[in-house]
Structures are given as structure tokens and as C-alpha cells.
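The values are calculated or read from the model by the stated rules, or taken from the named source; none is laboratory data. Keep in mind that what you see is a predicted model, and the values were worked out from it rather than measured. With ideal geometry, Cβ positions are generated from the backbone for all residues, glycine too; neighbour counts draw on all protein chains shown.
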Amino acid sequence: MLQYKAPIRDVKFVMQELLDCESHYQHLGYEDASIDMVDAIIGEAAKLTEQVVAPLNQIGDQQGCTWTDGVVTTPDGFKEAYQQYVEGGWPTLSQSEEFGGQGLPHSLNISIAELFSSANHSFAMYPGLSHGALATIEAHGTVTQKQQFMPKLVEGNWTGTMCLTEPHCGTDLGMLRTKAVLNEDGSYSLTGTKIFISAGEHDLSDNIVHIVIARIPGAPEGNKGISLFIVPKFNVNDDGTIADRNGVSCGSIEHKMGINGNATCVINFDSAKGHLIGEPNRGLKCMFTFMNAARIGVASEGVAAAEASFQGALAYAKDRLQMRSISGVKNPDGPADPIIVHPDVRRMLLTQKSISEGGRALVSYLAQLVDIGHAEKDHEVKADAETKLALLTPIAKAFLSELGFECTSHGVQIFGGHGFIKEWGMEQLMRDTKISCLYEGTTGIQALDLLARKVIGSKGEVLKPFSKDITVFCQENMDNPEMSEFIQPIMAYAKEWHEITVTIGAKAMKNSDEIGGASVDYLMFSGYVTLAYFWAKMAKVAQEKIVQGTEDNAFYQAKIKTAQFFIQRMLPRAKGHSACINNGVNSMMALKNEDFAF
């Protein structure tokens, strides 16, 4: 069984040394977010995740959730752990003080969320979607809706969901059938069925607030006719107290590949009372508030999976004795050497380490951009942050979930046969993590969003702010001999990033399928270059700390060596993706549909 240990040292390195959260928070007016406060919060989160949440991970997988006549019961210990979570004030961390929150930065909350996800992915999902529900209501809800729903969601006694998918349609939301009929009192009656609803029904909270897309009769076809609604499990009085049971029920729970401790539900709406959020037929725009928050959360899940798998694999690799090193005996007092001495095992471990730590830097940076969007007064700075978020959110979501899943596969591989059996917990990590590549938009959907909607849709303008940051960093460090091994490759790949963007755009003028054919390779290429940039920045910080003199020399040396590994062994993967892009879409489309056969 895995023994999770919160990576406090690296979390602090990213927040405080790489991203200078102290100056960031002071500038944005988060006066309470001092370094002492940040350290205290991270320390308490580590205790809760290590001592309470992580021990329930295997229990949740083994027991799963149970469904009886619409009632869902979570695994043993989940309810008590969630109560501790609420009593500790964790749901309130980054929420508005106006509604009972602590008013702390989003970037602090996302760092804490990673710890919970590493410790127990299934458990972390119950409160996870509440943040998106809160963000959606706060951004688009009426004053009355905020007063009715936000205080209880903020304190965690109510939880939230996102209800998009229906049995006949997945990502193509324009095909939805759930209808919303206007009532005399201004509310709506919603009827329809939603599937794959994470935490859609459970016994952890007093109420569940569903954020639901539906179509009002007479609305335009497709995405232009989507409206968004608040539909609670229990109706809510004007003063925020619970009223009668709404027409919302759980028809069943899914029997899944992983995340068995979280209830993934079929939710039926039978003339359920709902409240319109925003304007009619403008729901998809409002929904993106929820989806963008969720996508950064899923990127964090990829980091969390890589971290948890790395911890398990590292402990095993140091202890497991198998064969002798080909370069000479390393453990003369034992019958064999520990497997960590073998280059291929080190390749897998360093892949896990480089993705977890590099991904942590990227996600934390994105969370700081969200802080800027919330609190920055300078409109130009805010617009710059929003453009970078638009570019990097689909990259982070898809790239880190895919590489996080790869890292869990390496974890199983390092354990060998022991990784394939359940008692060690490595195969559970792999099963649990695959969902991160799927929900909130699959990798293919994120890739189309990035390339078609963001990059080509803006004629390359969305690339410019982040590309400028890379260029400025490289220029500033070009003459530093200690940084040349990082700067030269990054400059070359950044140039190629621009070149393949132009190439795809030119090909798409003749054949629009070139966009779909290139999109996933383009996203993955972008991900490797992006993480290389953050690894170079981390190496620069580590070098400076060593020069200044430090008692933590081993930590900073490990940073530099891992950065070297990423640049030398991970970044070259991008070459394969650019080669695929340059080869075009023709080979994908040459085979006729009827010729696909078995």
C-alpha cells in the first residue's frame, strides 16, 4: 500500500522561490497571504492528506460507492473525513469573504488541491467541482442566487456539480435534449437525463447544487440555443435554508475503470425547479467559467498522479534488489543491487519526477494568472494574463493528464509483477488517472480548442504574450554559460513552434482537415516546449541559490540535474510530433470509411 507524503519542500520552492508568491500576493492586495500563513496552511493540509485522506484511498477503491433506490452511500470513512475537511475550513480557503470565505488567493488553493488529489483522487473530486459551481454563480448569478446558494457552498455543507453530458451526446453539447420550460414565478421546470455526473449524489453534504445546461423551447438549434441553470437537489428558500425535495434523482451509478470511491451518476430531472443563470441562450459562455476552472483542476490531477506514482516507485526502486549493475557492483553486501541503479529504471523515475515537478510549476503559474484575473487593477496586465490562460489552459489540461497517466504506467512497470496486483496500489493509480485524460474535454477536444479556436482563430495572436516571455527569458540568459545547455534548445524549439503554426495555417487554407490531423501533435509539442521553459527557469533559481550558499544544496542540485534530464531526454519527443505535423493529414484520411474492417 502506498504511503503518501506531501511534497511540502517542492510546493514551497515553486510558490515562494520560482514564482515569488509573496510579492505576487502583496501586489494583488492579498494581505493575509503572508509566507508564514502560506507555510502554516500547507503544513496543515499535509497532515490532513497524509493522516486522514490517504489511508482511505485503497478502501474507496475496494468498496466503491453503493446505490439503493436512488440513495448513494460513500465508502467507509469518507463521510467522517469530509466532515473534518469542512470543519477545518478547507472549502472556504479561496472563496469570497462576502459569502463566508477566507478571501485567500486561488493559487494557494490549487497547491492544496494537488495534495488532496495525490492522496485520494476519488475523495478530492467531491469538493473539487464545488469550486467551479461557485465561480459560475459568483460570475453570472443574480444577487438573490448568490445569497441563496453561495454561503452553504462556500462552507462546504453543500456541494456542486456540472451537468453537461447526455446519453446520446458527449462533447457535442448542441445536441442536448434536456428542456427547460418557464414557470409563472420566473423559475423553470427542467426535464431530461444527464450522465457521467461526478459526485452527482452522495451522503457527504446536506444539499447538492447542480449547474445544468438545457434548452428553452423555441431556442435556436445547436450551441446558440443553450441556457444554464441552477438546479438544487433540495429547493432553497429565499433566506438560503433548505425547503422541499426537488425533482432531481439519481437513476444509477456507473461501474467504472477507476475512481471507484467517487459516485459517477446518472441524474434524472423530472420537472425539477431550476433558476436561469445569465441570459437565455447564452449558457455556453457562462459554462466556460466552470469548465476553465475545472480544466486547471484536471491539469493538477495529472501532476498529483505523477507525484503519487513517483513516490511509490522511488521507495520500491530503492528497496527492491534485482541483478547487478552493468557498470559494476553497487551493493556488495547484498545478493543483488537495488533496481534504482539500472538506467532504464532511472529513466522512468526521472520521467515521473520531471513531469510532477515541472507540471507543478506550470499549474501554479496558471493559478497565479487566475489570481491576476480576479484582483489585478491594471486592465492591460489583466488582459495579458487572460490571453496566456487561454493558450496554456488546454495545453496544461491535456498534456499533464496524458503525461500523468504515462507516469502511472511507469510506476506499474518499475514494480514489475508487483505493480500489476492490487495490494501495492500502483495499478489503482493508473486506473484512477485515466479519467483525467477524458473528462472536461478529451485530449482531442483540448487540442482542437488550442489549435483551431485559440491559435488559428486568433491568427496566432494568442501565442504572442507567452512566446514573448520565453524570448525575453532566453535573451536575458543567453550569455550565461551555466544556462546555455537550457537556453539553446529552448530557443530552437520555440522557433519551431512558430514555424509549425504557420505551416498548419497554410495547409488548412487548402484542406481544413489539416487542423484536426495536426491538433494533438501540436498540443503535445506545445506542452514539451512549455515545460522546458519552466524547467529552465527552475534551473536558474537553483543555480542562484547554490552560488548564494545554501544548506539545502542537494535539493537544488537535484533540480538542475532533473532539468538537464528533461531537456535532453523529454524535450526531443517534440521532434516526433513536429514530424507528424509536417507529414500532413493525407495518410489519416486515405482509407474510406467502409474499408475499415476486422
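Filtering the range 18-44 to residues that are in a loop (DSSP other than H, G, I, E, B) and of a type in the set (D, E, K, R) leaves D20, E31, D32. Checking every residue in the range 162-175 against the condition of being surrounded by fewer than 18 Cβ atoms within 10 Å (Cβ to Cβ) and more than 27 Å from I435 (Cβ to Cβ) gives zero matches.
Before we move on, is Q3 surrounded by fewer than 22 Cβ atoms within 10 Å (Cβ to Cβ) and assigned to a loop (DSSP other than H, G, I, E, B)?
For Q3, the condition - surrounded by fewer than 22 Cβ atoms within 10 Å (Cβ to Cβ) and assigned to a loop (DSSP other than H, G, I, E, B) - is met.
Criterion applied to L450, L403 was being aliphatic (A, V, I, L, M) and closer than 21 Å to M348 by Cβ, and the one residue passing it is L403.
Selection over the range 15-46 of residues that are free of Cβ contacts under 8 Å to residues at least 60 places away in the same chain and buried (at least 18 other Cβ atoms within 10 Å of the Cβ) gives a count of 0. Just a yes or no: is a residue in the range 47-54 at positive phi and without any contact (Cβ under 8 Å) to a residue 12 or more places away in the chain? Looking for residues that are at positive phi and without any contact (Cβ under 8 Å) to a residue 12 or more places away in the chain, one finds none in the range 47-54, hence no. In the set (1) under 18 Å from M15 (Cβ atoms); (2) among the aliphatic types (A, V, I, L, M); (3) surrounded by 20 or more Cβ atoms within 10 Å (Cβ to Cβ), V541 fails one condition alone, (3). For the range 181-201, state whether one or more residues are surrounded by 23 or more Cβ atoms within 10 Å (Cβ to Cβ), of a type outside the set (A, V, I, L, M) and not in a strand (DSSP E or B). Yes, that holds for at least one residue. In this structure, G89 does satisfy being surrounded by fewer than 18 Cβ atoms within 10 Å (Cβ to Cβ), touching a residue at least 12 places away in the same chain (Cβ under 8 Å) and on the phi > 0 side of the Ramachandran plot.
Each row is one residue, and each column tells you yes or no for (1) in contact with a Leu (Cβ under 6 Å, 6 or more places away or on another chain); (2) aromatic (F, W, Y).
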{"site": "K397", "(1), (2)": "no, no"}
{"site": "G404", "(1), (2)": "no, no"}
{"site": "S409", "(1), (2)": "no, no"}
{"site": "F415", "(1), (2)": "no, yes"}
{"site": "G419", "(1), (2)": "no, no"}
{"site": "T433", "(1), (2)": "no, no"}
{"site": "T442", "(1), (2)": "no, no"}
{"site": "A447", "(1), (2)": "yes, no"}
{"site": "L450", "(1), (2)": "yes, no"}
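The set of residues in the range 19-40 being in contact with a Ser or Thr (Cβ under 8 Å, 6 or more places away or on another chain) and hydrophobic (A, V, I, L, M, F, W, C) consists of L19, C21. Taking the range 282-323 as the range and being free of Cβ contacts under 8 Å to residues at least 40 places away in the same chain, in a helix (DSSP H, G or I), farther than 18 Å from L429 by Cβ and among the hydrophobic types (A, V, I, L, M, F, W, C) as the test, only F288 passes. Residues of the range 236-281 that are of a type in the set (K, R) and assigned to a strand (DSSP E or B): R245, K273. Considered as a group, the residues in the range 430-477 that are buried (at least 16 other Cβ atoms within 10 Å of the Cβ) and of a type in the set (S, T, N, Q) include one that is nearest to A308 (Cα to Cα), and that residue is T433. Specify the residue that is nearest to L2 (Cα to Cα); the eligible residues are those in the range 324-342 that are in a loop (DSSP other than H, G, I, E, B) and in contact with a strand residue (DSSP E or B) (Cβ under 8 Å, 6 or more places away or on another chain). Looking at the filtered set, the residue picked out is D337. Within the range 486-512, the set of residues being touching a helix residue (DSSP H, G or I) at 6+ places or on another chain (Cβ under 8 Å) and either exposed (fewer than 15 other Cβ atoms within 10 Å of the Cβ) or basic (K, R) (or both) comprises H498, K507. In the range 547-569, which residues are surrounded by 16 or more Cβ atoms within 10 Å (Cβ to Cβ) and either within 26 Å of the chain's Cα centre (by Cα) or of a type in the set (A, V, I, L, M, F, W, C) (or both)? Once the filter is applied, which keeps residues that are surrounded by 16 or more Cβ atoms within 10 Å (Cβ to Cβ) and either within 26 Å of the chain's Cα centre (by Cα) or of a type in the set (A, V, I, L, M, F, W, C) (or both), the range 547-569 yields K559, I560, T562, A563, Q564, F565, F566, I567. The criterion of at least 1 residues that are among the basic types (K, R) is met by the following helices (runs of 4 or more DSSP H) wholly inside the range 495-598: 513-548, 553-565, 573-583. Checking each residue in the range 416-429 for being exposed (fewer than 14 other Cβ atoms within 10 Å of the Cβ) and in a loop (DSSP other than H, G, I, E, B) picks out G416, I421. Within the range 570-594, if we keep just the residues that are over 29 Å from K510 (Cβ atoms) and in contact (Cβ under 8 Å) with a residue 40 or more places away in the chain, the residue that is surrounded by the most Cβ atoms within 10 Å (Cβ to Cβ) turns out to be L571. Residues in the range 114-131: is at least one modelled with pLDDT under 95 and polar (S, T, N, Q)? Yes: one or more hits. A search for C-beta distances below 6 Å between a residue of the range 330-351 that is without any contact (Cβ under 8 Å) to a residue 40 or more places away in the chain and any residue that is of a type in the set (S, T, N, Q) and outside any helix (DSSP H, G or I), counting only pairs 6+ apart in sequence or on different chains, returns A336/Q322; D337/S325; D337/N331; V341/S325.
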